[in-house]
Amino acid sequence: MLTKLIGVREFRQNIASLYEKAKKNNWKYIILNHNQPIFKVEPLNKKDTIIEKLASDIAEARKDVKKGDVYDFDEVCDELGL
């Protein structure tokens, strides 16, 4: 993955086109403010977003279990009409 250095003003003004270029060419950007790096920005792929969603869902499920907000097998079967 190629890394491009870019100023914060240019990034802010051209974020949509920079995103398209990064996605197409597999680039990431280091955003500079007064020649000091402040952010690293790279496009996410589908695999990354699916894993993040799964991690979020698991964390939410663990909170529900701690609160006791769970269903047993028979309750699920009754709800589904099985």
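The figures follow:
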{"quantity": "Pair list, Cβ < 8 Å and 6+ apart or interchain, from the range 46-70 residues that are outside the structural domain of N26 (by TED's automatic domain parsing) to residues that are assigned to a helix (DSSP H, G or I) and of a type in the set (D, E)", "calculated": "V70/D64"}
{"quantity": "Test result for E20, modelled with pLDDT of 90 or more, charged (D, E, K, R) and under 22 Å from the mean Cα position of the chain (by Cα)", "calculated": "yes"}
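The values are calculated or read from the model by the stated rules, or taken from the named source; none is laboratory data. Computed from a predicted structure; not experimentally measured. Cβ coordinates were reconstructed from backbone atoms using ideal geometry, including for glycine residues, and neighbour counts include every protein chain displayed.
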